[in-house]
Amino acid sequence: MLIETENDVTPAVLEAMKNTPDPRVLEIANAFVRHMHAFAKEVRLTEREWEHGIGMLNGIGKKTSDVHNEAILFSDTIGLSTLVCLMNNGAGGSTETAAALLGPFWRMHSPETEHGGSIVRSPTPGPALFTTCRVVDEKGKPVAGAKVDVWHASTTGMYENQDPDQADHNLRGKFHTDADGRFSFRTILPAGYPIPTDGPAGEMVLFQKREPWRPAHLHFLIHKPGFKTLVTQVFVDGARYIDCDVVFGVTKALIGDYKKHESGTPPAPDVTAPWYTLDYTFHVEPGDSGLPQPPIK
Ligand code: BEZ
Ligand code: FE
């Protein structure tokens with residue numbers, strides 16, 4: 001069709017795409033084009049503003065590498081990752097869920113670690129934390145033999161892949177639940193940290209006068225065939241920024257009871273007070289046990 005005015009563009013594009021063989025891809029592409037065009041019309045997007053938007057997209061690409069995923073970070077900071085997560089977990093978004101966004105720092109192949117073992121692989125300051133976790137199904141029955149990846153940032157606010165001072169895979173580990181659905185490990189109490197602000201996502205956050213911080217949390221990815229892979233985070237109750245997480249990841253169900261112990265017999269000879277414990281139960285639901293695409297290598 002020949003285009004005469006701005007109102008002819010959207011139907012022309014939809015017509016051009018109509019032979020896309022996969023109906024779901026066609027549905028997504030159609031909706032994307034309709035909404036992008038409606039957005040441009042709603043704000044009467046100028047040519048300079050369009051150039052700026054394209055510059056941001058290019059910046060996201062340039063900033064992304066094997067060890068940094070700026071596109072995920074951008075999706076996180078505009079709440080898209082959390083929206084997609086909540087729509088796809090908790091019985092398709094109909095109930096509360098224990099799921100949370102993956103974030104840009106999950107690595108596949110974390111070191112296998114024995115039940116109760118430590119994931120502190122190079123000297124890392126911070127109070128000791130001993131976790132006792134359990135994985136159960138929707139009826140409360142233990143889920144044995146699930147694989148669980150754990151990862152978190154150091155007290156300096158950096159993941160090991162961002163920090164040459166940490167050993168490879170420091171504060172990362174892979175566990176298997178026992179017959180009672182349990183797994184446990186030793187680490188340090190996680191600290192809050194700012195997201196990287198040297199790329200388009202962080203620059204946008206600062207421009208919007210938002211705090212770039214995430215509240216302290218541990219990450220978990222729980223995987224067993226027959227169950228929907230549970231990607232989640234457990235936040236430290238009372239942590240700074242708990243009610244203004246820059247990536248909108250905190251939900252009520254994910255606030256863990258991290259208990260502080262200031263006296264008594266420490267759980268290991270090298271531990272001095274205060275130390276912390278966390279007991280947490282993860283609920284998995286039936287579904288697709290596929291793994292996400294690792295955001296970094
Ligand atoms: C994280 O928790 O690892 C994270 C999530 C979103 C953006 C940045 C970091
Ligand atoms: Fe994190």
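Things worth noting here:
- Failed criterion for Gly79 (all others in (1) assigned by TED's automatic domain parsing to the domain that holds Phe183; (2) small (Gly, Ala, Ser); (3) modelled with pLDDT under 95 hold): (3)
- Condition check for Lys139: away from ligand 2 (no atom under 16 Å from the Cβ), modelled with pLDDT under 95 and not hydroxyl-bearing (Ser, Thr, Tyr): yes
- Some residue of region 280-292 being in contact (Cβ under 8 Å) with a residue 24 or more places away in the chain, in a loop (DSSP other than H, G, I, E, B), assigned by TED's automatic domain parsing to the domain that holds Thr187 and polar (S, T, N, Q): no
- For Asn88: the one exception among (1) buried (at least 18 other Cβ atoms within 10 Å of the Cβ); (2) at pLDDT below 95: (1)
- Residues considered: Phe207, Phe175. Of these, the only one that is at pLDDT 95 or above, more than 13 Å from ligand 2 (Cβ to nearest atom) and within 22 Å of Leu291 (Cβ to Cβ) is Phe175.
- Those residues of region 100-124 which are among the small types (Gly, Ala, Ser) and within 16 Å of ligand 2 (Cβ to nearest atom), in sequence order: Ala100, Gly103, Ser110
- Filtered residues of region 231-249 (kept if touching a strand residue (DSSP E or B) at 6+ places or on another chain (Cβ under 8 Å) and either closer than 25 Å to Lys147 by Cβ or within 11 Å of ligand 1 (Cβ to nearest atom) (or both)): Val231, Thr232, Gln233, Val234, Phe235, Val236, Asp245, Val246, Val247, Gly249
- Region 69-94 - residue that is more than 13 Å from ligand 1 (Cβ to nearest atom) and not in a helix (DSSP H, G or I) and, of those, nearest to Leu206 (Cα to Cα): Asn89
- Any hit, region 211-218, residues being closer than 21 Å to Ala253 by Cα, touching a residue at least 40 places away in the same chain (Cβ under 8 Å), within 15 Å of ligand 2 (Cβ to nearest atom) and surrounded by 21 or more Cβ atoms within 10 Å (Cβ to Cβ): yes
- Against the test of being under 30 Å from Lys139 (Cα atoms) and aliphatic (A, V, I, L, M), the options Val234, Val247 yield a single qualifying residue, Val234.
- In region 25-78, of all residues being acidic (Asp, Glu) and away from ligand 2 (no atom under 16 Å from the Cβ), the one that is nearest to the chain's Cα centre (by Cα) corresponds to Asp66.
- Meets criteria (in contact (Cβ under 8 Å) with a residue 12 or more places away in the chain and within 16 Å of ligand 2 (Cβ to nearest atom)) for Thr97: no
- Hey, Phe235 assigned by TED's automatic domain parsing to the domain that holds Ala91, in contact with a Gly (Cβ under 7 Å, 6 or more places away or on another chain) and crowded, with 22+ Cβ neighbours inside 10 Å or not: yes
The values are calculated or read from the model by the stated rules, or taken from the named source; none is laboratory data. Everything quoted here is computed from the prediction, not taken from an experiment. Methodologically, a virtual Cβ is constructed for each residue, glycine included, from the backbone with ideal geometry; neighbour enumeration extends over all protein chains shown.
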